[in-house]
Amino acid sequence: MTISIATMTAREGRGPIVGLAAQLVLMTALAATTGLSAAGWLAGTAYAVVLTVVLGAGLRRSGMRALGPANAVTLGRATLVGGVTALVVTSFTAPVPLPVLVTLVAVALALDGVDGQVARRTHSTTKLGARFDMEVDAFLILVLSVFVAGAFGWWTIAMGAFRYVFVAASWAWPWLNQPLPPKFSRKVVAAVQGVVLVVATASLLPDAVAFAVVAAALAALTWSFGRDVRWLWAAERRQRLADARARVAARRVVVLPAPRLRPQPAPVNA
């Protein structure tokens with residue numbers, strides 16, 4: 001299956017629709033070769049429809065008339081993630097071929113660095129593209145954490161749920177939405193989650209070793225999120241203190257009335 005980037009970047013409404021069509025083609029191919037359950041079909045289709053609607057809305061809000069080459073690559077990754085979703089849901093009731101599942105995941109992760117490179121080289125970096133890339137990564141981690149839960153226990157879902165719990169918490173505490181300083185360690189921890197879950201999915205390690213590796217990855221993720229939340233809370237406290245001091249200073253300001261000027265006598269003509 002070949003998807004032309006030029007086609008996917010043609011028009012605003014066309015890119016997401018092409019992605020939806022590609023998703024249905026991929027699931028049809030998976031159903032014909034590996035088999036998909038009804039629930040798998042439903043999950044993959046629902047994922048594709050939601051992606052199409054949300055991405056189209058994002059394009060309209062950002063005023064973009066086309067996806068652009070970088071977002072087209074990300075949409076290709078998102079299509080692969082939809083196939084992974086369909087296979088993982090199918091695995092709840094029937095075995096799925098691990099080589100196919102691992103191949104889809106590996107290609108999706110390999111393309112993770114490609115869209116960023118394309119964006120920089122084509123000078124098409126956008127907030128929508130960065131958010132799109134991040135959300136595709138987050139959902140892939142969630143789906144994989146659900147898959148490995150069958151072997152290691154449902155605690156592994158915490159690896160994928162952290163992102164969504166953080167977003168939900170930000171609705172109640174808006175200070176969690178403040179920008180974070182860039183940290184290389186945050187990027188490393190995020191990348192490790194995908195690698196570890198792929199290794200666990202492919203059963204490349206003995207069960208005991210894989211269990212320990214997944215637990216270590218979750219511990220690293222917990223540390224990373226905990227550090228970020230602590231930094232955001234400290235920044236919020238500093239901002240509140242600065243605001244309180246500004247209010248106190250404003251109340252102490254004494255406004256002196258302007259002096260009254262005496263009327264000057266009119267000049268007398270000589």
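Data for the structure
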| read-out | value |
| --- | --- |
| Scan of region 76-85 for residues that are of a type outside the set (S, T, N, Q), over 19 Å from Ala38 (Cβ atoms) and either touching a helix residue (DSSP H, G or I) at 6+ places or on another chain (Cβ under 7 Å) or crowded, with 22+ Cβ neighbours inside 10 Å (or both), ordered by number | Arg77, Ala78, Leu80, Val81 |
| Residue in region 135-188 that is farthest from the chain's Cα centre (by Cα), counting only those that are over 24 Å from Trp233 (Cβ atoms) and charged (D, E, K, R) | Asp137 |
| Counted residues, region 16-75 - those being surrounded by fewer than 22 Cβ atoms within 10 Å (Cβ to Cβ), of a type in the set (Ser, Thr, Tyr) and touching a helix residue (DSSP H, G or I) at 6+ places or on another chain (Cβ under 6 Å) | 4 |
| Selection from region 159-190 of residues that are touching a residue at least 12 places away in the same chain (Cβ under 8 Å), under 18 Å from Glu135 (Cα atoms) and in a helix (DSSP H, G or I) | Met159, Gly160, Ala161, Phe162, Arg163, Tyr164, Phe166, Leu176, Arg186, Val189, Ala190 |
| Options Leu261, Leu176; residue that is exposed (fewer than 11 other Cβ atoms within 10 Å of the Cβ) and either more than 30 Å from Pro97 (Cβ to Cβ) or at pLDDT below 90 (or both) | Leu261 |
| Residue count for region 43-99, restricted to those that are of a type in the set (S, T, N, Q) and assigned to a loop (DSSP other than H, G, I, E, B) | 2 |
| Identity of the residue in region 100-156, of a type in the set (S, T, N, Q) and in contact (Cβ under 8 Å) with a residue 40 or more places away in the chain, that ends up surrounded by the most Cβ atoms within 10 Å (Cβ to Cβ) | Ser145 |
| Yes/no for Leu205 being touching a helix residue (DSSP H, G or I) at 6+ places or on another chain (Cβ under 8 Å) and either buried (at least 16 other Cβ atoms within 10 Å of the Cβ) or of a type in the set (A, V, I, L, M) (or both) | yes |
| Unmet requirement for Val88, which otherwise passes all of (1) over 25 Å from Ala215 (Cα atoms); (2) surrounded by 15 or more Cβ atoms within 10 Å (Cβ to Cβ); (3) of a type in the set (Val, Ile, Thr) | (1) |
| Verdict on Leu24 being in contact with a Ser or Thr (Cβ under 7 Å, 6 or more places away or on another chain) and assigned to a helix (DSSP H, G or I) | no |
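The values are calculated or read from the model by the stated rules, or taken from the named source; none is laboratory data. For clarity, every value in this text was computed on a predicted model and none was experimentally measured. Cβ atoms come from the backbone with ideal geometry, glycine included; neighbour counts cover every protein chain shown.
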